[in-house]
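A short worksheet on the structure shown next.
The values are calculated or read from the model by the stated rules, or taken from the named source; none is laboratory data. Values in this document were obtained by computation on a predicted structure and should not be read as measured data. Methodologically, a virtual Cβ is constructed for each residue, glycine included, from the backbone with ideal geometry; neighbour enumeration extends over all protein chains shown. To get the accessible areas, we keep the full protein, side chains included, count just its heavy atoms, and leave off ligands, DNA and RNA. Shrake-Rupley method; radii C 1.70, N 1.55, O 1.52, S 1.80 Å.
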Amino acid sequence: RKEVEQDPGPFNVPEGATVAFNCTYSNSASQSFFWYRQDCRKEPKLLMSVYSSGNEDGRFTAQLNRASQYISLLIRDSKLSDSATYLCVVNMRYTRLSFGAGTTVTVRA
Amino acid sequence: EAGVTQSPTHLIKTRGQQATLRCSPISGHTSVYWYQQALGLGLQFLLWYDEGEERNRGNFPPRFSGRQFPNYSSELNVNALELEDSALYLCASSRGDSSGANVLTFGAGSRLTVL
């Protein structure tokens, strides 16, 4: 079983729509969680950290469910510029960050 | 402030040759990570260096090796290149970190093509 699994998508949504997707992780000892964004042929960039109580950053909301071992990302009022691949990242203390393969989101006009 | 810089941007080699990729972390960052991203696939962890020491290694054969220099820059070496080594190699850095939990800043990557 992969350490981090994501639905590859693509999620095709119209501008203004809400889109949400999950990421599951296999190791219950995982401690840190992040969402990164990767544009086509570019390097990944941090979108947001994910905290236990859930957190928002503008139109983006991240949630952590430790019992079911998944994190989620919700994007409200989608913009064309939100089109990208979203990478789920999980870490266990004293080991390296594990990246999911990514979920592709395409926002259409 | 300069970001993470990688060189070369592109590299073309033939099977059996050796490739050397270089990475300079953000000033003040002492941890360097290397990831491989093959076309259409996710990031696969290769190596993690912190304070000059190898902290962790991914599930890659020994012909993938690297090192971190006293100035915290790093080098990734791939020996006996195979066609499937063709990929984007991403380097990332973070502040001094023994937990592996810090936020990573990535370089733009080195695209290696093996013919």
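A few points about this structure:
- Computed on the Cα atoms alone, the convex hull of chain B gives a volume of 94 cubic angstrom per residue.
- Taking only the C-alpha atoms of the protein assembly as shown, the Rg (one decimal) and the largest Cα-Cα distance, Dmax (whole number), read 17.6, 51 Å.
- Taking other residues whose beta carbon is less than 12 angstrom from the beta carbon of residue A:45, and scoring Lys, Arg as +1 and Asp, Glu as -1, yields 0.
- Here the protein assembly as shown is assigned +1 on the Cβ of each Lys and Arg and -1 on the Cβ of each Asp and Glu. Its dipole about the Cα centre then comes out at about 240 debye.
- For residue A:76, solvent-accessible area (1.4 Å; no DNA, RNA or ligand), Å²: 80 Å²
- Fully extending the segment from residue A:1 to residue A:69 would add 23.1 nm, taking 0.36 nm per residue of separation and subtracting the current Cα-Cα distance.
- Listed residues B:80, B:38, B:19, most fluctuating in chain B (Gaussian network, C-alpha, under 10 Å): B:80
- Taking only the Cα atoms of region B:25-89, the ratio Rg/Rh comes out at 0.98, with Rh defined as the Kirkwood radius.
- Percentage relative contact order, chain B, counting C-alpha pairs under 8 Å, at least six apart: 37 percent
- Rounded to the nearest whole Hz, the Karplus-based 3J(HN,Hα) values (6.51 cos²θ - 1.76 cosθ + 1.60, θ = phi - 60°) of region A:18-24 follow the sequence 9, 10, 9, 8, 10, 9, 10, with x at glycine and proline.
- Charged side chains reduced to their Cβ positions (Lys and Arg at +1, Asp and Glu at -1) give region A:45-92 a dipole of some 60 debye around its Cα centre.
- Per principal axis, descending, Cα span of chain A in whole Å: 43, 30, 21
- Residue A:23 exposes around 0 Å² of accessible area when a 1.4 Å probe is run over every protein chain in place.
- As a calculated quantity, the FRET efficiency between residue B:20 and residue A:20 at R0 = 35 Å, using C-beta atoms, amounts to about 0.25.
- Across the options B:42, B:52, B:12, the greatest Cα extent toward the positive end of the charge dipole of chain B (unit charges at beta carbon of Lys, Arg, Asp, Glu) belongs to B:12.
- Burial here means at least 50 square angstrom less accessible surface with every protein chain in place than with the chain by itself, probed at 1.4 Å; in region A:53-98 the buried residues are A:94, A:96, A:97.
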